[in-house]
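Here the structure is laid out as structure tokens; the discussion comes afterwards.
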Amino acid sequence: MEERMTEEQQEIQDGECQMLDEEQVEQTEQAEEAQPVEQEEEEQADLSRQDRDFEPTVESVVEAVLFASDEPLTAARLTKIVEADVKQVRRHIKNLNEKYQANNNAFRIEQIAGGFQMLTLSPYNHWLKKLLRVRSDTKLSAAAMETLAIIAYKQPVIRADIEAIRGVAAGEVIRSLCYKGLVKIIGRAEILGRPMLYGTTKKFLELFGLNTLKDLPKIEELKKPPA
């Protein structure tokens, strides 16, 4: 009888131990699950403290504005946004570019279409082409490229002169370039019939990475070398 009671007591004790072990395992698992959450909360709290302690400078504001802009910003517009004079803005841009170069960064602040814009360096084009898809509204046919080149180098130019150079009608191509925002009417020629004069736009400069029309390649540079 005593042996049976002992066995029963042992079974109860073993059961209690098993329950305790299961409770310990569960508590351990809960503690392990809670640990990453606590660490994440602590990290977020540290970041919040860093953000509160961070004091923007004029230079960092210039950098932030240019980083966020998807178009070139003129010096005059930057001075209004940053609340600094043109001389200061240009000095900060120069300092930022020197830092980017020293840190071997993949980007610089460049002068484009009369303004400043943050751009990646050309050696990275190979990889960026894999990432970016060319927008359909900037895809140009061979005929459009020829017409755009004539307008860029000959502007202000009338349609008759464009067609004389290309040897074919250019009305439809010119309309397409105007629709894409690369060409615009800039006046009328002082000749019989006063035909419209065409020229390139600011978007043209942005698309081809030019600051002004003076940055266009020289005609001599475009000629094919002798065979």
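The values are calculated or read from the model by the stated rules, or taken from the named source; none is laboratory data. Note that the structure is a prediction, hence the values are computed from the model and not measured. Because the Cβ atoms are built from the backbone with ideal geometry, glycine has one as well, and the counts that use them run over all protein chains shown.
Say we look at the stretch 156-183 and pick out the residues that are assigned to a loop (DSSP other than H, G, I, E, B) and of a type in the set (A, V, I, L, M); which of these is nearest to Gly115 (Cα to Cα)?
First, the residues of the stretch 156-183 that are assigned to a loop (DSSP other than H, G, I, E, B): 156, 167-170, 180-182.
Those still in the list that are of a type in the set (A, V, I, L, M) too: 168-170, 182.
Values: Val168: 37, Ala169: 36, Ala170: 32, Leu182: 18 Å.
Top of the filtered list is Leu182.
Apart from one condition, Gly199 fits all of (1) modelled with pLDDT under 90; (2) more than 25 Å from the chain's Cα centre (by Cα); (3) under 28 Å from Ile109 (Cβ atoms); the exception is (1).
Of everything listed in (1) assigned to a helix (DSSP H, G or I); (2) in contact with a helix residue (DSSP H, G or I) (Cβ under 6 Å, 6 or more places away or on another chain); (3) crowded, with 19+ Cβ neighbours inside 10 Å, the single unmet condition for Tyr198 is (1).
Within the stretch 55-152, which helices (runs of 4 or more DSSP H) (wholly inside it) include 2 or more residues that are touching a residue at least 12 places away in the same chain (Cβ under 8 Å), outside the structural domain of Met196 (by TED's automatic domain parsing) and surrounded by 12 or more Cβ atoms within 10 Å (Cβ to Cβ)? It would help to see each step written out before you state the result.
Numbers: elements: 58-68, 75-82, 86-102, 125-131.
Answer list for the stretch 55-152: 58-68, 75-82, 86-102.
Selection over the stretch 67-93 of residues that are out of contact with any helix residue (DSSP H, G or I) (no Cβ under 8 Å at 6 or more places or on another chain) and closer than 29 Å to Thr201 by Cβ gives a count of 7.
Could you please let me know if Ile186 is among the aliphatic types (A, V, I, L, M), closer than 22 Å to Asp161 by Cβ, over 26 Å from the mean Cα position of the chain (by Cα) and in a strand (DSSP E or B)?
Values: among the aliphatic types (A, V, I, L, M): yes; closer than 22 Å to Asp161 by Cβ: yes; over 26 Å from the mean Cα position of the chain (by Cα): yes; in a strand (DSSP E or B): yes.
So Ile186 fits the description; yes.
Note on the stretch 172-194: residues that are surrounded by 14 or more Cβ atoms within 10 Å (Cβ to Cβ), at negative phi and out of contact with any Phe, Trp or Tyr (no Cβ under 6 Å at 6 or more places or on another chain) total 9.
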